[in-house]
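I'd like to ask some things about the structure below.
Every read-out reported here was derived from the displayed coordinates using simple, explicitly stated rules and does not represent laboratory data. Model, not experiment: these values are computed from the prediction. No Cβ is skipped: glycine too gets one built from the backbone with ideal geometry, and neighbour counts run over all protein chains shown.
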Ligand code: ASP
């Protein structure tokens with residue numbers, strides 16, 4: 001069987017839902033379907049998930065939120081009407097949103113997650129209802145009943161191992177099972193969501209649980225491209241990419257696929273195909289365990305901003321046993337995850353995400369670094385971007401780092417950091433966020449220029 005996941009733009013309107021239902025019924029193996037909440041219909045539209053977040057925020061500030069939830073209900077009403085669903089099919093959806101709106105707000109994380117989850121939950125009800133209305137056997141499944149048990153981390157949940165055994169039983173269900181993405185239940189039985197874009201994660205977990213032959217991820221582009229199409233005109237399409245490569249590119253800003261979504265399918269060895277709902281016959285991009293690297297030692301270039309570097313130097317640091325541990329302990333005590341730690345003989349930088357490192361946290365960390373570690377210098381640089389050149393072929397190809405550095409030099413970009421792990425699947429460079437467009441174009445021309 002195949003697990004087919006459809007992203008927000010595939011659910012954005014009745015017309016899109018008709019397309020996905022045609023795709024589902026076109027292949028009898030597509031028996032387990034995961035859906036997102038309705039996304040944007042046009043560039044200036046708002047995703048249902050964002051409307052729901054706004055609704056929850058309004059309620060959490062003590063206002064009633066009725067106008068906000070009505071905007072959400074209106075989205076579903078317009079879809080249901082254009083799908084010619086029976087008049088009473090909207091009522092359970094409306095009641096469900098109103099119930100969520102009036103839930104107790106004392107636990108803010110729980111309230112926010114329960115509200116957000118409504119988007120996917122009602123999308124799944126709608127799609128199952130529409131499939132049935134066309135004479136197809138289809139059933140909505142609640143993730144709690146299905147066995148999607150998650151860690152109790154609102155907005156940032158992870159799947160618990162015990163989920164897999166129970167979810168496996170979805171294989172045996174008759175007809176087409178429509179499963180809402182993005183959320184599950186904690187062991188206490190409360191709604192928790194994955195990070196944003198997390199319906200990809202739901203799909204991957206289900207694919208691993210039922211041992212699917214393929215995990216198909218339907219989105220709104222024909223394939224993954226080697227560089228961001230908003231920065232590079234008509235970039236080369238990627239036909240095959242390994243899990244490791246895709247993970248690195250997703251981490252560094254490729255938004256086609258959630259970077260955490262690969263873990264379950266990677267371990268189960270299930271191939272992933274990224275396909276286009278608007279052009280399902282296009283081959284798409286396959287994410288596989290291995291690929292022949294021959295012609296493309298580099299598979300992609302990605303860049304993302306929002307990082308911050310804490311630079312520490314201390315004369316004879318290299319002789320001090322335990323320095324690194326003590327430094328990272330300070331970050332751990334603050335609950336801050338570090339991303340990278342490039343180091344020199346007597347210096348170390350800790351790269352963290354700016355979103356986890358506000359001014360108050362910065363002050364506390366710097367104070368402790370100065371007093372507990374007696375360093376010579378500690379400085380913080382914000383507005384850092386990471387740009388990654390990724391490819392399995394890097395391991396065997398001489399001169400790729402030289403080519404990358406030449407591209408930066410030609411673009412007049414100053415490199416703030418260079419980092420290459422020993423796995424040699426990627427090279428990472430720290431640059432100023434404002435240098436992203438020029439750097440991506442220069443790297444693209446260097447590595448793919450001749451193939452356009
Ligand atoms: N609807 C959620 C979001 O916008 C999850 C998803 O679409 O994957 O983040």
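In degrees between 0 and 90, to the nearest 10, how far off the longest principal axis of the chain does helix 91-101 point, with axes built from Cα atoms?
40 degrees
A further question on this structure: Mind jotting down the distance between the C-alpha centroids of the range 260-321 and the range 389-452, whole Å?
Between the Cα centre of the range 389-452 and that of the range 260-321, the gap is 15 Å.
Among 104, 45, rank each residue by its count of other Cβ atoms within 10 Å, from fewest to most, as a rough exposure measure. Intermediate results must be reported in sequence, preceding the final value.
Values: 104 8, 45 15.
Taking fewest neighbouring Cβ atoms as first place, the list is 104, 45.
From Cα pairs below 8 angstrom and at least 6 apart in sequence, can you work out the relative contact order of the range 253-335, rounded to a whole percent?
Numbers: 33 pairs, mean separation 18.2, N = 83.
The normalised contact order for the range 253-335 reaches 22 percent.
Over the range 60-179, calculate the relative contact order: mean separation of alpha carbon pairs under 8 Å at least 6 apart, over the residue count, as a percent. Intermediate values should be presented prior to the final figure.
Numbers: 100 pairs, mean separation 25.7, N = 120.
Normalised by residue count, the contact order of the range 60-179 is 21 percent.
What relative contact order, as a whole-number percentage, does the chain give when Cα pairs under 8 Å and 6 or more residues apart are counted? Intermediate values should be presented prior to the final figure.
Values: 914 pairs, mean separation 57.8, N = 452.
The normalised contact order for the chain reaches 13 percent.
To continue, here is another question. Is it possible to state the helix-based mean residue ellipticity at 222 nm for the chain, with each DSSP H run of 4+ residues giving -39500 (n - 2.57), the sum divided by total residues, to the nearest 500 deg cm²/dmol? What is it?
Numbers: 14 runs with 166 residues, N = 452.
Per the formula, -11500 deg cm²/dmol.
Separate question: Could you work out how far the C-alpha centroid of the range 67-86 sits from that of the range 227-257, in angstrom?
What the calculation gives is 34 Å, centre to centre.
Still on this model: When 52, 400 are ordered from fewest to most other Cβ atoms inside 10 Å of their Cβ, what list results?
Numbers: 52 25, 400 21.
Ranking 52, 400 by Cβ neighbours within 10 Å, fewest first, gives 400, 52.
What value does the range 305-452 have for Rg/Rh, both radii from Cα atoms and Rh as Kirkwood defines it?
Working: Rg = 17.1 Å, Rh = 16.7 Å.
A ratio of 1.02.
So what's the angle, to the nearest 10 degrees on a 0 to 90 scale, between helix 199-209 and the longest Cα principal axis of the chain?
For 199-209 against the chain, the angle is about 80 degrees.
Only bridges whose two residues both fall in the chain count here: according to DSSP, what percent of them are antiparallel, nearest 5? The partial results should precede the final answer.
Numbers: 39 of 65 bridges.
Bridges in the chain are about 60 percent antiparallel.
Percent of alpha carbon pairs in the chain separated by more than 41 Å?
On the way: 23419 of 101926 pairs.
More than 41 Å apart: 23 percent of the Cα pairs in the chain.
Roughly how many whole Å is it from the C-alpha centroid of the range 333-355 to that of the range 122-184?
For the range 333-355 versus the range 122-184, the Cα centre distance is 38 Å.
Could you work out how far helix 359-373 tilts from the main Cα principal axis of the chain, as a 0 to 90 degree angle to the nearest 10?
40 degrees
In what order do 15, 239, 248 fall by count of nearby beta-carbon atoms within 10 Å, going from fewest to most?
15, 239, 248
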